[in-house]
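The values are calculated or read from the model by the stated rules, or taken from the named source; none is laboratory data. Everything numeric here is computed off the predicted structure, so don't read it as measured data. Cβ atoms come from the backbone with ideal geometry, glycine included; neighbour counts cover every protein chain shown. Calculation scope for accessible area: heavy atoms of the full protein, side chains included, ligands and nucleic acids excluded. Shrake-Rupley method; radii C 1.70, N 1.55, O 1.52, S 1.80 Å.
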Amino acid sequence: ARRMAELVKSLLNYSHLAKEGEQAKTTEVNLNTIIDEVKQDFELLIEEKHAIITCEMLPVINGSHIQLGQLFANIISNSLKFSTASPIVKIRSSIVEKSQIPGAPKNLAVQKYQMITLEDNGIGFDDQYRKTIFSLFKRLHGKQEYSGTGIGLALCKKIVENHKGFICATSALGEGTKLSVYLPEGG
């Protein structure tokens, strides 16, 4: 019953994001503030797992504060959840040209993007699943091993698309995961 309630809540969040789409209220969002808020939200888990989250200076972008908070909360939550040792999460950003984005969809509209990478030392996954992990209900691990609904990364993809961006992942089993979020430079 608890898992079903979690699943319904996640589906409602996804449905809300799909409906809200580009109508979400956008403002200038300092991504450093977002990361600080996420770290506060996960303060107990970070302490329990002896996690280390380092973050370089991140940009201010135009977007939805709530959605971007959900985005980074889901990604950091996964880094904390899918680890066997003390999690280490490194967050950095740089500006890249559209042509430098590997596997970028053709519909990306602007030429420059903020690339925010979140790299961890977690359990990783077989790289053959790097595209399917962003699908609804896609789980690479059993419910008994790791909690969750299989909707978190689909939510992340929807949020990034709402911001006219792109998200991708690279990984290897036992070697951690690197998620790259590309958001339009200047919003």
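Across region 165-187, which residue is surrounded by the fewest Cβ atoms within 10 Å (Cβ to Cβ) among those that are touching a residue at least 60 places away in the same chain (Cβ under 8 Å) and either part of a loop (DSSP other than H, G, I, E, B) or among the aliphatic types (A, V, I, L, M) (or both)?
Gly186
Filter region 145-164 down to residues that are open to solvent by 30 Å² or more (accessible area, probe 1.4 Å) and in a loop (DSSP other than H, G, I, E, B) and give me whichever is modelled with the lowest pLDDT.
Within region 145-164, the match that is modelled with the lowest pLDDT is Tyr146.
Find all pairs meeting these conditions: Cβ atoms under 6 angstrom apart; at least six residues apart or on different chains; first residue within region 93-110 and over 22 Å from Val60 (Cα atoms); second residue surrounded by 14 or more Cβ atoms within 10 Å (Cβ to Cβ) and acidic (Asp, Glu).
Partner pairs satisfying both residue conditions: none exist.
When you scan region 56-133 for strands (runs of 3 or more DSSP E) that lie fully inside it, which ones turn up with 3 or more residues that are of a type outside the set (D, E, K, R) and farther than 13 Å from Leu179 by Cα?
Result: 60-63, 88-97.
For region 41-73: of the residues being surrounded by fewer than 13 Cβ atoms within 10 Å (Cβ to Cβ) and touching a residue at least 12 places away in the same chain (Cβ under 8 Å), which is farthest from Gly122 (Cα to Cα)?
Met57
Applying the selection to region 100-113, what residues are within 12 Å of Lys164 (Cα to Cα) and open to solvent by less than 60 Å² (accessible area, probe 1.4 Å)?
Ala104, Pro105, Leu108, Val110, Tyr113
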